[in-house]
Each structure stands twice: as C-alpha cells, then as structure tokens.
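Asker: The structure's right below; bear with me while I get my questions together.
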Amino acid sequence: MENSPGKNIDFKHYTVMLNEAVDALIPKDSVSDKIFIDATLGGGGHSALIASRLMGNGRLISFDVDDDAIRAAKKKLEKFENVTIIKDSYANIKENLDKLGIEKITGGIIFDLGASYHQLTKIERGFSFTKDAKLDMRFNQEQEFSAWDVVNKYPLSDLVRIFSEYGEERFSKRIAKAIVENRPLNTTLQLSELIVNSTPKIKSKIHPATRVFQALRIEVNSELLNFENTLNKVVTLLDASAIISVISFHSLEDRLAKMAFKSFAQECRCDRNVPQCRCEGKLIEIITKKPIMASDDEIRENPPSRSAKLRVAKRV
C-alpha cells in the first residue's frame, strides 16, 4: 500500500504507482461511467484519482478495515459524490455488492496490498521491531486476534510453518524454539531482541526480525489467504473488459497474483482426465506479461517503491 510519508500529519502515506495502476483501469485523459472497486483504500490516493475520472453513472466503492485510513480517505474524497466507502475486508466484496444491488463490476478493481506507512510507523499499532509497543499488528482494531496470540499461543510447529512460509525465514526453527522457551513475550522489542539473540550474526541489509514480523503480520490479518480467495471470487464478478490491477510488495503476494492470472488465462482448467471441458474456459487476458515496476523518479522520491510490482489483466 502507501509506503512513505506525505503531507497529512495524522495519516502519512505515499500512493505507490498511482498513475500506472489507475491508468490501467481508466486511461489518462479519459472518463468512465462504469463501476470500480478499490479493494484497499488506504490513504485514498488511488480512489481519488479513479473518482476524478468518473462521469454520469460512474461509481467507486472502496474497502478498508482501518479506522485511521478511512478517516484520512474520507477527507480526501469528500468532494466526490460518486464514492462509497465501506468498512469491511475486501474478502467480503461480493456480500457488500449484493447489499448494494450490484451484480457486476463493470469497470475494474484495484488491489494495493500490504501494510501502509502509517500502520508500520505508528508505534502503538505494534508493527515495528525498532520501537517498543504491545504485540498487535491488526489492520482492523476491532479484531480480537493479534500478534500476541500468535507468539504466545501457537504451538512450535505452527510458528515454524508461518515463519518459513510467510517470512521465508531461514532460521524459523531456531526462532520458534526460542519463542516457546521464553513465553510470555508481550512487546515488540522483547520479540525483536529475542530474534537477534537467537540467530547467527550475519551481514545483511535487513534487520534480523524483519521476516518474522512480516510473517506475523500476514498471519494476524490473513493477508495471503484473503487475497487468494478474493481473486478467485472476484474474477466471476467482473464484466467483460473489466480490469484487475494488483500492486504487491513481496514475492509471496506477487507469486499468488502471477499464478492466479496464469490459471485464469488458460483455455481450460479442468483435470486432464476429464473427457470434456466443464469449466468456464479462459476468463482473463493478461495485459502485463512482466510486472510493471516503479519508475526511477518514484523510487528516488519513495525508496520502498522499489519492491512494488504491478500486474494487470482484463476479463474476457
């Protein structure tokens, strides 16, 4: 999502690949009267640009679970009458569209995945391994399940699994064992220091706790599971020629998007042993054969943009 500070003191953000992602939905210097979804509202950067290109019956429905993000975005979007903000996970897009009487996404949908700069840097949210706070990491502050529950209640095997799968952490077993032996761990610095002390000192550009904290955040917010399930559902909600635009920030998200697009673009997805095709056939056309990366100018302005990848596909 937005990864670097902007002008808003209360909700700092930088909208990554703003023009590239929105241009894929509605080309620059054009307008649309179709229905669009911003699955990850954040600070409202993508939503504001989409809304500015709507006309007539054009409509934008934006989702987020973070109250801080919604407050900031409402201020940015207050001049637009054709925007509906829904406090809910994008995993529930279909249910919310049903309530609104919307059967098809006629224009397109954008996903800007991951945590925002605001979430990562606001100390009390408990995402940072360099500032002390209660272990939290919830996008939705009304959710009861937090990083504290994972760290202090998960069995050793599950800790190893999520550190390996979601963090791609090479010392998963060693770290998980140290966590279990030193429970309870209540704060971010307690966990961070334990990780540093339980792993070999090796030269690396990233902090030793980076991958574990990423894994915890993904687990707490069901990020990969929600994204994968939603991609599978949302394709059937798209009208012909509607666009899917996905911005990811690490290999796990990008791999999911890449593999899902590849599967949806196949002429048939049935088991080879089935004598006759029973699936819907090809569902999308992949627009970006290789992901679009942030420009050099954007990376200079906002260094975290260097890890962003944009993939785009069109419903057929």
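The values are calculated or read from the model by the stated rules, or taken from the named source; none is laboratory data. Quantities reported herein were computed from a predicted structural model and do not represent experimental measurements. Cβ: placed from backbone, ideal geometry, glycine included. Neighbour counts: every protein chain shown. In case anyone asks, the SASA skips ligands and DNA or RNA and just uses the protein heavy atoms, side chains included. Shrake-Rupley method; radii C 1.70, N 1.55, O 1.52, S 1.80 Å.
Asker: Suppose we keep only residues that are under 14 Å from residue 119 (Cβ atoms) and among the aromatic types (Phe, Trp, Tyr) within segment 1-53. Which one would you say is modelled with the lowest pLDDT?
Answerer: 11
Asker: May I pose another question? Pairs needed: first member in segment 33-48, over 20 Å from residue 120 (Cβ atoms); second member anywhere, open to solvent by 10 Å² or more (accessible area, probe 1.4 Å) and modelled with pLDDT of 95 or more; C-beta distance under 6 Å; at least 6 residues apart or different chains.
Answerer: 33/55; 33/56; 33/57; 34/106; 35/59; 35/106
Asker: Another one. Tally the residues that are closer than 12 Å to residue 25 by Cβ and either open to solvent by less than 10 Å² (accessible area, probe 1.4 Å) or not in a strand (DSSP E or B) (or both), restricting the search to segment 232-246.
Answerer: So the answer is 6.
Asker: For segment 259-285, give me each residue that is assigned to a helix (DSSP H, G or I), in contact (Cβ under 8 Å) with a residue 24 or more places away in the chain and surrounded by fewer than 18 Cβ atoms within 10 Å (Cβ to Cβ).
Answerer: If the condition is that a residue be assigned to a helix (DSSP H, G or I), in contact (Cβ under 8 Å) with a residue 24 or more places away in the chain and surrounded by fewer than 18 Cβ atoms within 10 Å (Cβ to Cβ), then 262 is the only one that fits.
Asker: What number of residues within segment 64-115 satisfy the criterion of being in contact with a helix residue (DSSP H, G or I) (Cβ under 7 Å, 6 or more places away or on another chain), of a type in the set (A, V, I, L, M, F, W, C) and over 23 Å from residue 225 (Cβ atoms)?
Answerer: Result for segment 64-115: 5.
Asker: Same structure again: Being closer than 29 Å to residue 68 by Cα and either open to solvent by 20 Å² or more (accessible area, probe 1.4 Å) or among the acidic types (Asp, Glu) (or both), is that true of even one residue in segment 168-185? Lay out the reasoning, then the answer.
Answerer: Here is the first cut: in segment 168-185, the residues closer than 29 Å to residue 68 by Cα are 185.
Narrowing further to those that are either open to solvent by 20 Å² or more (accessible area, probe 1.4 Å) or among the acidic types (Asp, Glu) (or both): none.
Within segment 168-185, not a single residue is closer than 29 Å to residue 68 by Cα and either open to solvent by 20 Å² or more (accessible area, probe 1.4 Å) or among the acidic types (Asp, Glu) (or both).
Asker: Another question, if that's okay. Taking the options 99, 104, 153, name whichever one is in contact (Cβ under 8 Å) with a residue 40 or more places away in the chain and open to solvent by 60 Å² or more (accessible area, probe 1.4 Å).
Answerer: Values: 99 fails: in contact (Cβ under 8 Å) with a residue 40 or more places away in the chain; 153 fails: in contact (Cβ under 8 Å) with a residue 40 or more places away in the chain.
After applying the criteria, what remains is 104.
Asker: Among (1) in a loop (DSSP other than H, G, I, E, B); (2) surrounded by 16 or more Cβ atoms within 10 Å (Cβ to Cβ), where does residue 202 come up short?
Answerer: It is condition (2) that residue 202 fails.
Asker: Return the only residue of 295, 251 being open to solvent by 30 Å² or more (accessible area, probe 1.4 Å) and at pLDDT 95 or above.
Answerer: Working: 251 fails: at pLDDT 95 or above.
Sole residue among the options that is open to solvent by 30 Å² or more (accessible area, probe 1.4 Å) and at pLDDT 95 or above: 295.
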